[in-house]
Amino acid sequence: MKQYSFWFVVGSQKLYGPEVLETVDARAKEMAEEMSKALPYPLIYKVTAKSNAEIYDVVREANYQTDCAGVITWCHTFSPSKMWIDGLRDLQKPWCHLATQYNREIPNDEIDMDFMNLNQAAHGDREHGFLGARLRKPRKVIAGYWQDEAVLSRLGDWMKAAIGVAVSKSMKVMRFGDNMREVAVTEGDKVEAQIKLGWQVNTWAVGDLVKEMNQVTETEIDALVAEYEASYDIATDNLAAIRYQAKEEIAIKKMLDREDCKAFTNTFQDLYGMEQLPGLASQHLMAQGYGYGGEGDWKVSAMSAILKAMGENGNGASGFMEDYTYHLVKGQEYSLGAHMLEVCPSLASDKPRIETHHLGIGMNEKDPARLVFEGKAGKAIVASLIDMGGRMWLIVQDIEAVKPILPMPNLPVARVMWRAMPDLATGVECWIAAGGAHHTVLSYDVTAEQLCDWARMMDIEFVHITKDTTPEVLENELLIKDLVWKLK
Ligand code: MN
């Protein structure tokens, strides 16, 4: 993962004289260093901005530096906002306005007008906020004391969402074959996706992958199988199938890395020259942070790579998922999610098992090896990016994952069981009303707030189905989105 950092730009003005400005400068440096200790990415103090030129210069540098993933601003003193117009108008990096102040308390005895002039963030941050609103500039506002855990945690979450922006803007998706025939929701406008989200989505021949597979050596396969053995339990005698998956993984990885692609798709309808649909191969690639989408679904593939990158240590518990079937027993209403093979082991509650089973769907000549496991219990989200024709919606639903309530001994794939919010039936009604896909990214790590931040920064529409959502309210929200879009 690229080493990203964030820049701290502190607002002031020349009116206060050098002594005050030296204090602001020293405190800003101290705050950035202290906050960096609790944040997932370094916060680097750049400048106490006192003029249009200083702000414009730091913005130009931030736009240009690829390791700068975002800018965090704060006004220690009052900082007249007209001098921020040129800089903020041209800022191309994610922006967070941290509304805080250096001191936690108002010092009863010491407070005088000098103190008031030095510590007037309450005043300065309002002027700063007005300009953000006036420019209609997408930004995150986080308010609170800079040493508080809750503030640092929200700032850290925003940083990770901003990393998602950087990853999105450099996303390249390798497609082996086209989308599954006749399917609508996995389609989309790749040109619009590149304009809006920065994704380069292109196709490579399955035949080229087969050629690459034929170049893989037995030594390479031995090394990867040893890795499988170290990470997973081998629950099959069919070692040939495991070796075949290793060969597929090595070849796919070589092609992805050669083209700098962080995500890929394939489809069971186009496996010409391959004996097995990549199962274990795709799953182990996902575990390494690559995005994946089945049936040619490049949108879910790119999104899964982005959510992984937004997660803990740049590769969190997020992966490709598909709503499969329901348990509709009263009081035990759950969705069962899985895929024909390709569920990411970052979702697993226990050590996954490698199994081989017959796969009737597609062109498999031989039984594919795959990882089988149960998903973790806990709060999570599912996210679906859909193309609504000229515009994209990111639909996110809060879910509560549970330990699967049935052992399902004959189910030959990894599975996750959950309750959608607000309840299964209402949640399904809302999801279907909004047009959410059967393919999603399920994440235990990335929150709906982070995805809302990401969508705002990418300038796409965001729909959130929560414990409080009703179909009526959602319908009105979607209607308003349509009206706003038509007016634009
Ligand atoms: Mn599918």
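Translational diffusion coefficient, Stokes-Einstein: compute it for the stretch 174-294 using the Kirkwood radius over C-alpha pairs as Rh, at 4 °C and 1.567 mPa s, and state it as an integer in µm² s⁻¹. Show your work: numbers first, answer last.
Values: Rh = 15.3 Å.
Translational D for this selection: 84 µm²/s.
What share of all Cα pairs of the stretch 155-237, in percent, falls into each consecutive 5 Å distance bin?
Per 5 Å bin, starting at zero, the Cα-Cα P(r) for the stretch 155-237 comes out as 3, 10, 11, 13, 13, 15, 16, 14, 5, 1 percent.
With θ set to phi - 60°, apply the Karplus curve 6.51 cos²θ - 1.76 cosθ + 1.60 along the stretch 84-96 and write out the HN-Hα couplings as whole Hz, x wherever there is a Gly or Pro.
Rounded to whole hertz, the list is 8, 4, 4, x, 5, 4, 8, 5, 10, 9, x, 10, 10.
Angle check, please: helix 471-487 long axis (alpha carbons) against the longest principal axis of the chain (alpha carbons), in degrees 0 to 90, nearest 10.
So the helix axis and the longest Cα principal axis differ by about 70 degrees.
Lysines within cross-link reach of Lys82: Cα-Cα under 19 Å, excluding same-chain residues under 8 positions apart?
Lys14, Lys50, Lys137
Does anyone have the angle between helix 239-258 and the longest principal axis of the chain? Alpha-carbon axes, 0 to 90°, nearest 10?
40 degrees
Residues with amide H under 5 Å of Ala49's amide H, sequence separation 5 or more or different chain, H placed in the peptide plane at 1.01 Å from N; which?
Long-range HN contacts for Ala49: Val10, Gly11, Ser12.
If you average 1/r over all unlike Cα pairs in the stretch 1-144 and invert the result, what Kirkwood radius do you get in angstrom? Numbers along the way, then the final one.
Numbers: mean 1/r = 0.0649 Å⁻¹.
Computed over the stretch 1-144, the radius equals 15.4 Å.
Any idea what Rg and Dmax come out to for the stretch 347-474 if you just take the C-alpha atoms, in Å?
Final numbers for Rg and Dmax: 16.9, 50 Å.
From the protein chains alone at 1.4 Å, what is the descending order of accessible area for His438, His128, largest first?
The most accessible residue leads, giving His438, His128.
Return the Rg/Rh value of the chain, two decimal places, where both radii are evaluated on C-alpha atoms and Rh is the Kirkwood radius.
On the way: Rg = 25.0 Å, Rh = 24.3 Å.
Reported Rg/Rh (Cα atoms, Kirkwood Rh): 1.03.
Using the heavy atoms of the protein chains and a 1.4 angstrom probe, tell me the accessible area per residue for the chain in square angstrom.
44 Å²
Looking at the stretch 217-344 only, what percent of DSSP beta bridges run antiparallel? Nearest 5 please.
Values: 7 of 10 bridges.
Restricted to the stretch 217-344, the bridges split so that about 70 percent are antiparallel.
At a probe radius of 1.4 Å, what is the per-residue accessible area of Lys351, in Å² to the nearest 10?
100 Å²
Please list the non-local residues whose amide H lies under 5 Å from the amide H of Ile465, H modeled 1.01 Å from N, same-chain partners needing a gap of 5 or more.
Val396, Gln397, Asp398
Let's test this: bin the Cα-Cα distances of the stretch 26-110 at 5 Å from zero up to the farthest pair and state each bin's percent.
3, 12, 22, 25, 19, 11, 5, 3, 1, 0
What are the ³J(HN,Hα) values, in whole Hz, obtained from phi via the Karplus relation 6.51 cos²θ - 1.76 cosθ + 1.60 with θ = phi - 60°, for each residue of the stretch 441-454 in sequence order, with x given for Gly and Pro?
With coefficients 6.51, -1.76 and 1.60, one gets 9, 9, 9, 8, 10, 8, 9, 4, 4, 5, 6, 5, 4, 4 Hz.
Tally the DSSP beta bridges in the chain and give the antiparallel ones as a percent, rounded to 5.
50 percent
Accessible area of the chain with a 1.4 Å probe: how many percent of it is carbon plus sulfur? List each step's numbers first, then the result.
Values: 11170 of 21300 Å².
For the chain, the apolar C and S fraction of the accessible surface comes to 52 percent.
Starting from the Cα of Lys351, draw a straight line to each of the aspartates and glutamates and keep only those under 17 Å, dropping any in the same chain fewer than 8 residues away.
The reachable aspartates and glutamates, counting only those whose Cα sits under 17 Å from Lys351, are Glu227, Glu229, Asp233, Glu342, Glu374.
Any chance you could look up the accessible area of Arg353 with a 1.4 Å probe, heavy atoms only, rounded to 10 Å²?
100 Å²
What is the helix-to-structure angle for 424-434, meaning the angle in degrees between its Cα long axis and the longest Cα principal axis of the chain, kept from 0 to 90 and rounded to the nearest 10?
Roughly 70 degrees, rounded to the nearest 10.
Between Asp257 and Asp482, how many nm apart are label points set 7 Å from Cα along the C-beta direction?
Between Asp257 and Asp482, the label points sit 4.9 nm apart.
Go ahead and run the numbers for FRET between Asp109 and Ser51, Cβ-Cβ distance against an R0 of 30 Å, rounding to 0.05. Could the numbers behind the result be given before it?
On the way: r = 35 Å, r/R0 = 1.18.
E(calc), rounded to 0.05, equals 0.25.
For the stretch 383-488, state which chymotrypsin sites (Phe, Trp or Tyr not before Pro) are in a DSSP loop and have at most 11 other beta carbons lying within 10 Å of their beta carbon.
Working: sites: Trp393, Trp418, Trp431, Tyr444, Trp454, Phe462, Trp485; in loops: Tyr444.
Nothing satisfies the criteria.
Got the relative contact order for the chain handy, in percent, Cα pairs under 8 Å and 6 or more residues apart? Walk me through the numbers before you get to the answer.
On the way: 1022 pairs, mean separation 59.9, N = 488.
It comes to 12 percent, rounded to a whole number.
Measure out, as a whole number of angstrom, how far apart the alpha-carbon centroids of the stretch 101-164 and the stretch 1-42 sit.
12 Å
Could you please report the charge total around Phe78, scoring K, R as +1 and D, E as -1 over all other residues with beta-carbon less than 10 angstrom from its beta-carbon? Mind dumping the intermediate values first?
Values: positive: Arg126; negative: Asp125, Glu127.
Net of charged neighbours comes to -1.
In the neighborhood of Asp482, defined by Cβ-to-Cβ distances under 14 Å, what is the net charge if each Lys or Arg adds +1 and each Asp or Glu adds -1?
Details: positive: Arg391, Lys481, Lys486, Lys488; negative: Glu461, Glu475, Glu477.
Neighbour charge sum, excluding Asp482 itself: +1.
Residues with amide H under 5 Å of Ile234's amide H, sequence separation 5 or more or different chain, H placed in the peptide plane at 1.01 Å from N; which?
Result for Ile234 returns Ile354.
Note down the net charge around Gly198, summing +1 for each Lys or Arg and -1 for each Asp or Glu among other residues with Cβ under 11 Å from its Cβ.
Numbers: positive: Lys169, Lys172, Lys196; negative: none.
With Lys, Arg at +1 and Asp, Glu at -1, the net is +3.
Too long at a 28 Å Cα-Cα cut-off: which of Lys308/Lys403; Lys254/Lys379; Lys169/Lys211; Lys93/Lys299; Lys93/Lys488?
On the way: Lys308/Lys403 22 Å; Lys254/Lys379 35 Å; Lys169/Lys211 31 Å; Lys93/Lys299 23 Å; Lys93/Lys488 23 Å.
Pairs exceeding the cut-off: Lys254/Lys379; Lys169/Lys211.
Which length gain, in nm to one decimal place, applies between Lys211 and Tyr145 when the Cα-Cα distance is subtracted from 0.36 nm times their residue separation?
On the way: separation 66, 0.36 × 66 = 23.76 nm, distance 5.82 nm.
Here the segment from Lys211 to Tyr145 would lengthen by 17.9 nm.
The values are calculated or read from the model by the stated rules, or taken from the named source; none is laboratory data. Computed from a predicted structure; not experimentally measured. Here the Cβ is made from the backbone with ideal geometry for all residues, glycine too, and neighbour counts use every protein chain on show. Side chains included, ligands, DNA and RNA excluded: accessible areas come from the protein's heavy atoms. Shrake-Rupley method; radii C 1.70, N 1.55, O 1.52, S 1.80 Å.
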